[in-house]
Amino acid sequence: MTHVVTERCVDCRYTDCATVCPVECFWETENPAMLVIDPDTCIDCGLCVPECPIHAIYTEEELPEPYAEWTAKNAELFSGGTNITEKKDPLDGALSLEQIQQKEKDKGWDIPEPGGV
């Protein structure tokens with residue numbers, strides 16, 4: 001099992017999660033602008049989950065249905081990214097958790113927050 005970065009990270013790209021990863025499995029991508037996890041490197045330690053200020057990281061088994069496609073997207077996108085291990089400023093216009101939750105509600109989604117936050 002691995003952890004998955006979801007759509008919540010798109011155009012936000014908070015990097016708090018990458019600073020605590022013991023195996024350096026986070027990759028910064030430009031299209032879409034976000035972080036993703038290399039599923040073959042992730043050791044499922046869960047240290048990243050509480051570090052993400054927008055709760056964008058889930059385990060595969062608790063991934064909400066609207067974000068199910070992000071397991072494959074992480075696996076596909078990481079190879080085109082740049083490995084990241086240090087904190088950077090989020091992208092301009094990065095949304096807060098409350099703003100993201102409101103966008104989900106506006107879509108009619110009832111998304112549970114990841115365990116461990």
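Of all residues in the range 71-117, those that are among the hydrophobic types (A, V, I, L, M, F, W, C), at pLDDT 95 or above, out of contact with any Cys (no Cβ under 7 Å at 6 or more places or on another chain) and in a loop (DSSP other than H, G, I, E, B) total 3.
Condition check ((1) in contact with a helix residue (DSSP H, G or I) (Cβ under 7 Å, 6 or more places away or on another chain); (2) among the polar types (S, T, N, Q)) across all residues:
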position	(1), (2)
6	yes, yes
45	no, no
74	no, yes
103	no, no
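Residue 1 passes every criterion in (1) at pLDDT below 95; (2) in a helix (DSSP H, G or I) apart from (2).
Examine the range 19-29 for a residue that is of a type in the set (Asp, Glu) and in contact with a Lys or Arg (Cβ under 8 Å, 6 or more places away or on another chain), and state whether such a residue exists. Yes; the residues of the range 19-29 include at least one that is of a type in the set (Asp, Glu) and in contact with a Lys or Arg (Cβ under 8 Å, 6 or more places away or on another chain). Being in a loop (DSSP other than H, G, I, E, B), touching a strand residue (DSSP E or B) at 6+ places or on another chain (Cβ under 9 Å) and surrounded by fewer than 17 Cβ atoms within 10 Å (Cβ to Cβ) is the filter here, so list the residues in the range 42-67 that pass it. Selection gives 44, 45, 46, 64.
Pairing residues of the range 55-78 that are more than 18 Å from residue 43 (Cα to Cα) with residues that are at pLDDT below 95 and in a loop (DSSP other than H, G, I, E, B), at Cβ distances under 6 Å and at least 6 apart in sequence or on separate chains, gives 55/117.
Checked against (1) at positive phi; (2) surrounded by fewer than 20 Cβ atoms within 10 Å (Cβ to Cβ), residue 13 passes all but condition (2).
The values are calculated or read from the model by the stated rules, or taken from the named source; none is laboratory data. As the structure is a computational prediction, the values presented were derived from the model and not from experiment. Reconstructed Cβ throughout: ideal geometry from the backbone, glycine too, with neighbour counts over all protein chains shown.
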